[in-house]
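In what follows, a structure is listed as structure tokens, so that the remarks can point back to it.
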Amino acid sequence: MQLTVLKSKLHRATVTDHNLYYEGSIGIDKSLIKAGNFKVDEQVHVLSETTGERLVTYVIEEPEDSGKIVLNGPAAHKIKTGEVVIVLSYGIVDESELDSFKPSVVYLDNENRILV
């Protein structure tokens, strides 16, 4: 059997900008993409801790070490600058691999710096 499991997570990222006039996506600081094991163009779920809003979009890259988390296009109607969000992606693993699989979870401070 195959199971869908959490693959990557940015926990408590602060949205630094929102831009309605863009084709769509979430821009994430390149260093956070790497740390969270996300991929550019990967589908992600974005959950606002501030409002409870949830949406699905895809990852684009923001400059490395910029701390940027930017909601673009229609997503900018739902989640705004200053909101605290969780960004998640999922993967499929065989049940036999489940015990050895570990998701990448990155905890952030309010300036989108990685907490140790």
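At a glance:
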| item | result |
| --- | --- |
| Whichever residue in segment 106-116 is modelled with pLDDT of 95 or more and in a loop (DSSP other than H, G, I, E, B) and, among such residues, is farthest from Thr16 (Cα to Cα) | Leu115 |
| Segment 92-105, residues that are in a strand (DSSP E or B) and either among the acidic types (Asp, Glu) or closer than 25 Å to Ile26 by Cα (or both) | Ile92, Asp94, Ser104, Val105 |
| Segment 50-70 - residue that is outside any strand (DSSP E or B) and open to solvent by 80 Å² or more (accessible area, probe 1.4 Å) and, of those, farthest from Gly82 (Cα to Cα) | Glu64 |
| Residues of segment 92-105 satisfying the condition of being open to solvent by less than 70 Å² (accessible area, probe 1.4 Å) and modelled with pLDDT under 95 | Leu98 |
| Members of segment 90-114 that are farther than 15 Å from Leu3 by Cβ and in contact with a Lys or Arg (Cβ under 9 Å, 6 or more places away or on another chain) | Ser104, Val105, Val106, Tyr107, Leu108, Asp109, Asn110, Asn112 |
| Filter result for the condition that a residue is of a type in the set (D, E, K, R) and in contact with a strand residue (DSSP E or B) (Cβ under 6 Å, 6 or more places away or on another chain), over Glu61, Glu49 | Glu49 |
| Where a residue in segment 31-54 is basic (Lys, Arg) and its partner, wherever it lies, is in a strand (DSSP E or B) and at pLDDT below 95, with Cβ under 9 Å and at least six apart | none |
| Residue among Val70, Val87 that is hydrophobic (A, V, I, L, M, F, W, C) and closer than 12 Å to Thr16 by Cβ | Val70 |
| Checking Ser89 against (1) assigned to a helix (DSSP H, G or I); (2) open to solvent by less than 50 Å² (accessible area, probe 1.4 Å); (3) of a type in the set (S, T, N, Q), the condition it does not meet | (1) |
| Every residue from segment 1-44 that is in a strand (DSSP E or B), open to solvent by 30 Å² or more (accessible area, probe 1.4 Å), more than 17 Å from Gly91 (Cβ to Cβ) and of a type in the set (S, T, N, Q) | Asn19 |
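The values are calculated or read from the model by the stated rules, or taken from the named source; none is laboratory data. As the structure is a prediction and not an experimental result, all values here were calculated from the model. Cβ coordinates were reconstructed from backbone atoms using ideal geometry, including for glycine residues, and neighbour counts include every protein chain displayed. SASA here: full protein model, heavy atoms, side chains in, ligands and nucleic acids out. Shrake-Rupley method; radii C 1.70, N 1.55, O 1.52, S 1.80 Å.
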